[in-house]
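In what follows, a structure is listed as structure tokens, so that the remarks can point back to it.
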Amino acid sequence: MFILLIRLKIKNLAVLEDIELDFDSGLTIISGESGSGKSMIIEAIRYLYGKRASIEDIRYETKGAVIEGVFDLPSTEAVQHLLKENDIPEDELYIIRREIMQNRKSIIKINSRMVTLGALKEIMSEVISIHSQSSQSEALEYGQHILYLDRYIDLENRPSFKEYRQNHQKYKALEAKIKELEYKDKNRVQQLQMYRHQFDELEEMGLEEGEEDKLIEDIGYLDNYEKINGSLSLISNQLSAEYAPQTILYDITNHIETLSNFDESYKEFNDILVESYHLLNELDSKVSSDLSTLDYDEETLNLKQSRLSSINSLKRKYNMTVDELMDYQSKLERDIAELENIAQSFEALQEDREKALKEMEHHAKDLHDYRAEQKHFLETRIKKELHDLDMPAADFEIGISESNFDERGYTAVEFLISTNAGEPLKSMNRIASGGEIARVMLALRTIFTEFDAQTLLILDEIDTGVSGQVATRMAQKMARLSKTRQVISISHLPQAAAMADHHLYITKETSDHRTSSHAEYLNQDEHAYEIARMLSGSDISPAALENAKTLIKAKNEETL
């Protein structure tokens, strides 16, 4: 059988000073006296699941807590995608480590790769399923019922669901656009006036792409006219002098050519000198050309400086670059056209919204009808599970009605239950008995954990408030769940402990005025002794011990 959590190491987490536990397949029951630290074992797993760090959980007078779990992660498509997305290489085992420190931020690692809390939770939600009394109350909430039904009937893979979601998003976007136009219409005259003023100002400026850089270059050139003219004149005089460098190079080249006839090593110099000679002639031509066209115009300089000053002033006014100003001018033009034709814009948007609404209604009706047609499958299954949990008179119905549009359609779904014969159906969140709530939730978990066969199932004291035959039935359910997945449960039920494949017992002791917890797996005799304690309390009678052995002996028959 698949084992997900292989080892758990905990240091300095509340009363858990230093604990290392190995886990196996099947059903692991955790028991111990109140306050022994059982819940902190599950709390450690919650940290590996993605619980937000709390320094309140750090053991007193220590720097921080460390929780480390060794997992054999399932090779599902979702898990592999999330690991790849977070740059975590594929491996045989994965070590997940949380460090919760007093004076610095928490550190989270998967196989030595740092990950965020969100990434950890996203990955581990595909690996661990934790159910506690608090999650029971959450699942009983009205808003959760449609999610249970839709998952059971696989509604999200229905083509109309995707179509509905797309049309719903389109409808919401059109609604937002219409509201925006309505706001604009209230202030239309004032906005139009402002938009036109800004547009006219930008249009009059006539900004061009690259103009600003060209102005800066031209102004820099004109500002340095005397330096440029002086340098060009000096170069021109030197290149046209009686003993110009190119004339000297020409003479040298001739002599080098003569020497090359007697010594080949001079040939390489000849090539370089010829190239230099031609390069100086090219420079002479360019300098002469630039001198003939160079002209200082103070008026042109003033005009360019004035233009650049106006552009800078506009940039400061709008707090934008030239490119941004040009984009803003285009946007203003569109906004002005929209405001001037607001009636036509309204009409077009309203037509589009009506089309989207009709499409939404069409697909929402298909989803609503499908839920109504398929709901009896879940109703029948839940009733069967409740009957198995010693609620033979329980009746269950899924109420379906039309409501407002939301992201899942216009269907309102409510789970209705009657736990005793002759009682009317009423909303599940009005169940008063803790034992009834526990059984209803275990029934739901039994059904819906079938969809997550490759997850580690954690049951955190979900059997509180039940006893007798009901306790036996719940223990049987836990045992059946553990046949297809790894299950770890904190339980106060001797019946559940008797069903355990592994029994983990938590104790605490005080030494040097400090309390710490210890955990150990019980052998066969210790297992029976602990079940007897759970049956009769601290005074373990021979009858309780015999009863415990009877429960253990009956384990195989009970799980058939």
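Tabulated data for the structure shown
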quantity: Per principal axis, descending, Cα span of the chain in whole Å; calculated: 131, 78, 50
quantity: Candidate lysines - alpha carbon under 19 Å from K109, same-chain residues fewer than 8 apart omitted; calculated: K9, K11, K51, K63, K84, K121
quantity: Under the Karplus curve 6.51 cos²θ - 1.76 cosθ + 1.60, θ = phi - 60°, whole-Hz ³J(HN,Hα) for the stretch 60-70, x wherever Gly or Pro sits; calculated: 4, 6, 10, 6, x, 10, 10, 10, 9, x, 9
quantity: The stretch 499-505 - phi-based ³J(HN,Hα) in whole Hz, Karplus 6.51/-1.76/1.60, Gly and Pro as x; calculated: 7, 5, 7, 9, 10, 9, 10
quantity: Evaluated over the stretch 38-162, the Cα radius of gyration and Dmax, each in Å; calculated: 17.3, 58
quantity: Formal net charge of residues neighbouring S240 (Cβ-Cβ distance under 15 Å; K, R +1; D, E -1); calculated: -3
quantity: Calculated from backbone phi, Karplus (6.51, -1.76, 1.60) coupling profile of the stretch 7-13 in Hz, x at Gly/Pro; calculated: 8, 9, 10, 10, 10, 6, 9
quantity: Local electrostatic count at V115 - Lys and Arg +1, Asp and Glu -1, tallied over other residues with Cβ under 15 Å; calculated: +2
quantity: The stretch 279-389 - accessible surface per residue (Å², probe 1.4 Å); calculated: 60 Å²
quantity: Under 18 Å from the Cα of K331 - lysines, other chains or at least 8 residues apart; calculated: K177, K184, K315, K317
quantity: Rh by Kirkwood over Cα pairs, then Stokes-Einstein D for the stretch 161-319 at 0.890 mPa s and 25 °C, µm²/s; calculated: 106 µm²/s
quantity: Accessible area of the stretch 32-160 divided out per residue, in Å², using a probe of 1.4 angstrom; calculated: 52 Å²
quantity: Surface share of carbon and sulfur [accessible, 1.4 angstrom probe, percent] for the chain; calculated: 47 percent
quantity: Within straight-line cross-link reach of K553, lysines at Cα separation under 23 Å, skipping those fewer than 8 residues along the same chain; calculated: K477, K483
quantity: Solvent-accessible heavy-atom area per residue, rounded to whole Å², over the stretch 402-560 at 1.4 Å; calculated: 47 Å²
quantity: Antiparallel bridges, percent of DSSP beta bridges restricted to the chain (to nearest 5); calculated: 70 percent
quantity: Selected from F405, M124, A528, residue furthest toward positive end of dipole (the chain; charges at beta carbon); calculated: A528
quantity: Counted charge near I462, where neighbours are those whose Cβ lies closer than 11 Å (Asp, Glu -1; Lys, Arg +1); calculated: 0
quantity: Size of charge dipole - the chain - debye, nearest 20, with Cβ of Lys, Arg +1 and Asp, Glu -1, no other charges; calculated: 3880 debye
quantity: Nonlocal amide H pairs with K426, under 5 Å, H built at 1.01 Å; calculated: I417, S418
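The values are calculated or read from the model by the stated rules, or taken from the named source; none is laboratory data. The model shown is predicted, which means the values in this text are computed figures rather than measured ones. Here the Cβ is made from the backbone with ideal geometry for all residues, glycine too, and neighbour counts use every protein chain on show. Quick note on the areas: whole protein, heavy atoms, side chains included, nothing else; ligands and nucleic acids left out. Shrake-Rupley method; radii C 1.70, N 1.55, O 1.52, S 1.80 Å.
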